[in-house]
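The values are calculated or read from the model by the stated rules, or taken from the named source; none is laboratory data. Keep in mind that what you see is a predicted model, and the values were worked out from it rather than measured. Every residue, glycine as well, gets a Cβ built from its backbone with ideal geometry; the counts of neighbours run over all protein chains shown.
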Amino acid sequence: MLPPLQAGDTLRQRYKIVRPIGQGGMGSIYLAEDLRLEGRLCAIKEVLMDPGLPARSQQQARDQFYREASVLARLDHPNLPKVSDYFAEDDRDYLVMDFVPGRDLKEIMDEARQNGRFLAETEVLGWISQLADALDYLHHQDPPIVHRDIKPSNLKLTPQGRLKLVDFGLVKLLAPDERTVTVVQGLGTVYYTPLEQYGGDTGNTDARSDIYALGATLYHLLTNTPPAEAKQRFLRPETLRAPRSLNPAISLRLEKAMLWAMAMHPDDRPPDVATLRDALRPDTGPLTTVTDGDTILVQPLIRLPALTTTIDRYLAAIAAGLLFLAFTVTFLLPLVR
């Protein structure tokens, strides 16, 4: 197996490695200088090929990587880093993206937790609204693109307050027959991975898998506690603690919305990101994030259709009783007489 890239190594006589900035099971991410464009920094995602695959399978995997990397390169959205190049070298595949400066949301959350506080709900909703906008864009591509690895550490906040969804290592494209095709093999991170995603290529993942991960990310950011894994929840549903039991400052509306997004079965989740974004809308109207010379409008996040709570069930029981009483008085008592 080839050794990892070192500072000073150059790829394609263009990208000079500065240092590694991320590591995962499928490869590494490096900060690099673009020698053709002075002063430009980029992030290079290295994808390792499984050496155990037959030669034909490796070639098919590489062809698939090229096809789908070309789709990523056509994306253009303010909350996504621009993919500018892709190539293979020394039996490894590389995806070149804009380098996004700033801290990721996991770092920001961890700092708040260490200081004994929770992130503010309005601030987190501003970030999540930007994320929802990016996902809505991805899911409406032709074919639709499913990210499959949404988590706080893959969400970076630029110094200007712009959220960027980074790391396309596990992206899937939805084929016309609605089955998913993997760009890079992987399952994502367990806390944010829905149950259907554990099926690998045979798993019935779609845009609702990203909705689950968005809900789980929101849960973690607001409670400082990762949610119970989907496989654990399948066996013991009570392992998922109510968000408000961990952070009482979370509004009931928001708790309902995130639990709706994290429903175990895809059919029980919001059908699309736009519906979830509407469910998250504060009663006070649209949110904005004011940055240095740049005001980022956060789309109004419909109110969630009321989900069942103890009070809901109590009121429903009273209503049902009154309806039954009215039915009895109107129709049954005349028959008795």
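In segment 260-286, how many are crowded, with 18+ Cβ neighbours inside 10 Å and over 17 Å from residue 131 (Cα atoms)?
Count: 3.
Being out of contact with any strand residue (DSSP E or B) (no Cβ under 7 Å at 6 or more places or on another chain) and either within 14 Å of residue 156 (Cα to Cα) or assigned by TED's automatic domain parsing to the domain that holds residue 226 (or both) is the filter here, so list the residues in segment 90-107 that pass it. First the steps, then the outcome.
Within segment 90-107, the subset out of contact with any strand residue (DSSP E or B) (no Cβ under 7 Å at 6 or more places or on another chain) is 90-91, 101, 106-107.
Across segment 90-107, the qualifying residues are 101, 106, 107.
With the condition being touching a Lys or Arg at 6+ places or on another chain (Cβ under 8 Å), I'd like the strands (runs of 3 or more DSSP E) fully within segment 1-95 carrying at least 3 qualifying residues.
27-34, 41-48, 83-89
Within segment 276-287, can one find any residue that is within 17 Å of the chain's Cα centre (by Cα), modelled with pLDDT under 95, aliphatic (A, V, I, L, M) and assigned to a loop (DSSP other than H, G, I, E, B)?
Scanning segment 276-287, I find at least one residue that is within 17 Å of the chain's Cα centre (by Cα), modelled with pLDDT under 95, aliphatic (A, V, I, L, M) and assigned to a loop (DSSP other than H, G, I, E, B), so the answer is yes.
Of all residues in segment 139-155, which are part of a helix (DSSP H, G or I) and either under 11 Å from the mean Cα position of the chain (by Cα) or surrounded by fewer than 19 Cβ atoms within 10 Å (Cβ to Cβ) (or both)? Quick ask: steps written out before the conclusion?
Of all residues in segment 139-155, those part of a helix (DSSP H, G or I) come to 139, 152-154.
Within segment 139-155, 152, 153, 154 qualify.
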